[in-house]
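Engineer: Quick one: the structure is below, and I'll ask about it shortly.
The values are calculated or read from the model by the stated rules, or taken from the named source; none is laboratory data. Fair warning: this is a prediction, and the values are worked out from it, not measured in the lab. What goes into the accessible areas is simple: the full protein's heavy atoms, side chains included, and nothing from ligands, DNA or RNA. Shrake-Rupley method; radii C 1.70, N 1.55, O 1.52, S 1.80 Å.
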Amino acid sequence: MLLAATACLGLGLPMPAAQAGVWKPLLVLLRPQLENRLARACVEAAAGDNPELASRLRDPCRKLAAPTSRCLIEETDTTGRGMGVLTELMRGRFGDDSEVVVKRCLARLLGLPADTLRDVPLQELARRFSSLGLPPAGEQP
(Lines give C-alpha, C1' and ligand atoms only; values in the text may rest on other atoms or scores of the structure.)
Protein backbone atom coordinates (compact mmCIF):
# COMPACT_ATOMS: atom_id res chain seq x y z
CA MET A 1 0.00 0.00 0.00
CA LEU A 2 2.82 2.40 0.88
CA LEU A 3 4.58 1.73 -2.41
CA ALA A 4 1.34 2.30 -4.31
CA ALA A 5 0.71 5.57 -2.47
CA THR A 6 4.26 6.78 -3.04
CA ALA A 7 4.03 5.92 -6.73
CA CYS A 8 0.69 7.72 -7.05
CA LEU A 9 2.04 10.82 -5.32
CA GLY A 10 5.19 10.84 -7.43
CA LEU A 11 3.29 10.44 -10.68
CA GLY A 12 0.42 12.75 -9.77
CA LEU A 13 -2.11 9.92 -10.04
CA PRO A 14 -5.29 9.75 -7.95
CA MET A 15 -4.79 8.14 -4.57
CA PRO A 16 -6.53 4.96 -3.40
CA ALA A 17 -9.54 5.57 -1.14
CA ALA A 18 -8.58 6.30 2.46
CA GLN A 19 -9.83 4.08 5.23
CA ALA A 20 -9.37 4.35 8.97
CA GLY A 21 -6.50 2.14 10.08
CA VAL A 22 -4.80 1.75 6.71
CA TRP A 23 -2.19 4.46 7.29
CA LYS A 24 -1.67 4.03 11.02
CA PRO A 25 1.42 1.76 10.74
CA LEU A 26 3.17 4.35 8.57
CA LEU A 27 2.11 7.17 10.88
CA VAL A 28 3.46 5.26 13.88
CA LEU A 29 6.79 4.82 12.09
CA LEU A 30 6.91 8.58 11.47
CA ARG A 31 6.06 9.43 15.09
CA PRO A 32 9.67 10.05 16.28
CA GLN A 33 10.21 12.57 13.48
CA LEU A 34 6.86 14.18 14.25
CA GLU A 35 7.76 14.47 17.95
CA ASN A 36 11.09 16.08 17.08
CA ARG A 37 9.41 18.60 14.78
CA LEU A 38 6.75 19.40 17.38
CA ALA A 39 9.36 19.86 20.12
CA ARG A 40 11.46 22.17 17.92
CA ALA A 41 8.40 24.19 16.90
CA CYS A 42 7.37 24.49 20.55
CA VAL A 43 10.79 25.80 21.61
CA GLU A 44 11.03 28.20 18.67
CA ALA A 45 7.52 29.57 19.18
CA ALA A 46 7.84 29.97 22.94
CA ALA A 47 11.45 31.13 23.26
CA GLY A 48 11.90 33.16 20.12
CA ASP A 49 15.44 34.53 20.07
CA ASN A 50 16.11 33.94 23.77
CA PRO A 51 18.72 31.12 23.98
CA GLU A 52 18.48 30.82 27.77
CA LEU A 53 14.71 30.37 27.61
CA ALA A 54 15.09 27.95 24.70
CA SER A 55 17.44 25.84 26.80
CA ARG A 56 14.94 25.72 29.68
CA LEU A 57 12.04 24.86 27.36
CA ARG A 58 13.62 21.92 25.52
CA ASP A 59 12.58 19.27 28.06
CA PRO A 60 9.03 20.57 28.69
CA CYS A 61 8.45 20.92 24.95
CA ARG A 62 9.76 17.39 24.36
CA LYS A 63 7.37 16.09 27.04
CA LEU A 64 4.46 17.97 25.44
CA ALA A 65 5.36 16.65 21.99
CA ALA A 66 4.81 13.00 22.98
CA PRO A 67 1.06 13.20 23.82
CA THR A 68 0.55 15.68 21.00
CA SER A 69 2.07 13.33 18.42
CA ARG A 70 0.02 10.42 19.78
CA CYS A 71 -3.13 12.51 19.50
CA LEU A 72 -2.32 13.62 15.95
CA ILE A 73 -1.75 10.01 14.88
CA GLU A 74 -4.90 8.75 16.62
CA GLU A 75 -7.07 11.50 15.17
CA THR A 76 -5.58 11.09 11.70
CA ASP A 77 -6.45 7.40 11.93
CA THR A 78 -9.87 7.89 13.55
CA THR A 79 -11.03 10.40 10.96
CA GLY A 80 -9.81 8.35 8.00
CA ARG A 81 -7.77 11.35 6.81
CA GLY A 82 -4.40 9.58 6.80
CA MET A 83 -3.87 9.77 3.07
CA GLY A 84 -4.81 13.44 2.97
CA VAL A 85 -2.56 14.34 5.89
CA LEU A 86 0.37 12.37 4.44
CA THR A 87 -0.14 13.99 1.04
CA GLU A 88 -0.22 17.45 2.59
CA LEU A 89 2.93 16.71 4.60
CA MET A 90 4.77 15.41 1.54
CA ARG A 91 3.77 18.51 -0.41
CA GLY A 92 4.83 20.76 2.46
CA ARG A 93 1.42 22.31 2.93
CA PHE A 94 -1.17 22.54 5.68
CA GLY A 95 -4.55 21.73 4.18
CA ASP A 96 -8.09 20.78 5.08
CA ASP A 97 -7.21 17.29 6.32
CA SER A 98 -4.46 18.58 8.60
CA GLU A 99 -6.74 21.31 9.91
CA VAL A 100 -9.43 18.82 10.94
CA VAL A 101 -6.88 16.67 12.77
CA VAL A 102 -5.24 19.63 14.54
CA LYS A 103 -8.60 21.00 15.72
CA ARG A 104 -9.66 17.60 17.06
CA CYS A 105 -6.36 17.20 18.94
CA LEU A 106 -6.49 20.69 20.35
CA ALA A 107 -9.99 20.01 21.65
CA ARG A 108 -8.93 16.67 23.16
CA LEU A 109 -5.82 18.14 24.79
CA LEU A 110 -8.05 20.82 26.35
CA GLY A 111 -10.39 18.13 27.69
CA LEU A 112 -13.21 18.92 25.26
CA PRO A 113 -15.14 16.60 22.94
CA ALA A 114 -13.11 16.12 19.74
CA ASP A 115 -15.53 17.95 17.42
CA THR A 116 -15.93 21.02 19.66
CA LEU A 117 -13.68 23.26 17.53
CA ARG A 118 -14.81 21.92 14.13
CA ASP A 119 -16.52 25.16 13.04
CA VAL A 120 -13.97 27.60 14.49
CA PRO A 121 -11.45 28.86 11.91
CA LEU A 122 -7.83 28.17 12.83
CA GLN A 123 -7.03 31.88 12.51
CA GLU A 124 -9.66 32.58 15.18
CA LEU A 125 -8.19 29.94 17.47
CA ALA A 126 -4.72 31.45 17.02
CA ARG A 127 -6.08 34.92 17.77
CA ARG A 128 -7.86 33.68 20.90
CA PHE A 129 -4.76 31.90 22.20
CA SER A 130 -2.56 34.91 21.46
CA SER A 131 -4.92 37.09 23.51
CA LEU A 132 -3.96 35.02 26.57
CA GLY A 133 -0.91 37.25 26.88
CA LEU A 134 1.61 34.90 25.30
CA PRO A 135 4.27 36.87 23.41
CA PRO A 136 4.55 36.28 19.66
CA ALA A 137 7.49 34.15 18.54
CA GLY A 138 10.71 36.14 18.63
CA GLU A 139 9.63 38.53 21.42
CA GLN A 140 10.94 38.32 24.96
CA PRO A 141 8.36 37.47 27.65
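Engineer: Considering amide H positions built from the backbone, and no H for Pro or chain starts, which residues 5 or more places from Gly48, or on another chain, come under 5 Å of its amide H?
Structural biologist: The answer is Gly138.
Engineer: Moving on. Excluding ligands, DNA and RNA, what is the solvent-accessible area per residue of region 32-114 at a probe of 1.4 Å, expressed in Å²?
Structural biologist: Averaged over the residues of region 32-114, the accessible area is 57 Å².
Engineer: Just subtract the alpha-carbon distance of Ala126 and Leu112 from 0.36 nm times their residue separation and send over the number in nm, one decimal.
Structural biologist: Stretched out fully, the Ala126 to Leu112 stretch lengthens by 3.3 nm.
Engineer: Roughly to the nearest percent, how much of the accessible area of region 23-96 is carbon and sulfur, given a 1.4 Å probe?
Structural biologist: C and S fraction of accessible area: 56 percent.
Engineer: Multiply the residue gap between Val28 and Leu89 by 0.36 nm, knock off their C-alpha separation, and tell me the result in nm, one decimal place.
Structural biologist: That works out to 20.5 nm of additional length.
Engineer: Turning to a different aspect of this structure: Which far-off residues, 5 or more places away or on another chain, put their amide H under 5 Å from the one on Ala114, with H placed in the peptide plane?
Structural biologist: none
Engineer: Turning to a different aspect of this structure: Pairs of alpha-carbon atoms within less than 8 angstrom and 6+ residues apart define the contacts here; what relative contact order does region 36-86 have, in percent?
Structural biologist: Relative contact order here is 34 percent.
Engineer: What are the ³J(HN,Hα) couplings of region 90-102, residue after residue, when phi is run through the Karplus curve with 6.51, -1.76, 1.60 and θ = phi - 60°? Round to Hz, x for glycine and proline.
Structural biologist: 5, 8, x, 10, 10, x, 4, 5, 5, 4, 4, 5, 4
Engineer: Calculate one ³J(HN,Hα) per residue across region 46-61 by plugging θ = phi - 60° into the Karplus curve 6.51 cos²θ - 1.76 cosθ + 1.60, and present them in order as whole Hz with x for glycine and proline.
Structural biologist: Karplus-based 3J(HN,Hα) across region 46-61 equals 7, 9, x, 9, 9, x, 5, 5, 4, 4, 6, 8, 4, 5, x, 5 Hz.
Engineer: Which ³J(HN,Hα) values, rounded to whole Hz and listed in residue order, are derived for region 31-40 from phi using the Karplus coefficients 6.51, -1.76 and 1.60 in 6.51 cos²θ - 1.76 cosθ + 1.60 with θ = phi - 60°, glycine and proline given as x?
Structural biologist: Taking θ as phi minus 60°, the curve returns 4, x, 5, 4, 4, 4, 5, 5, 5, 5 Hz for region 31-40.
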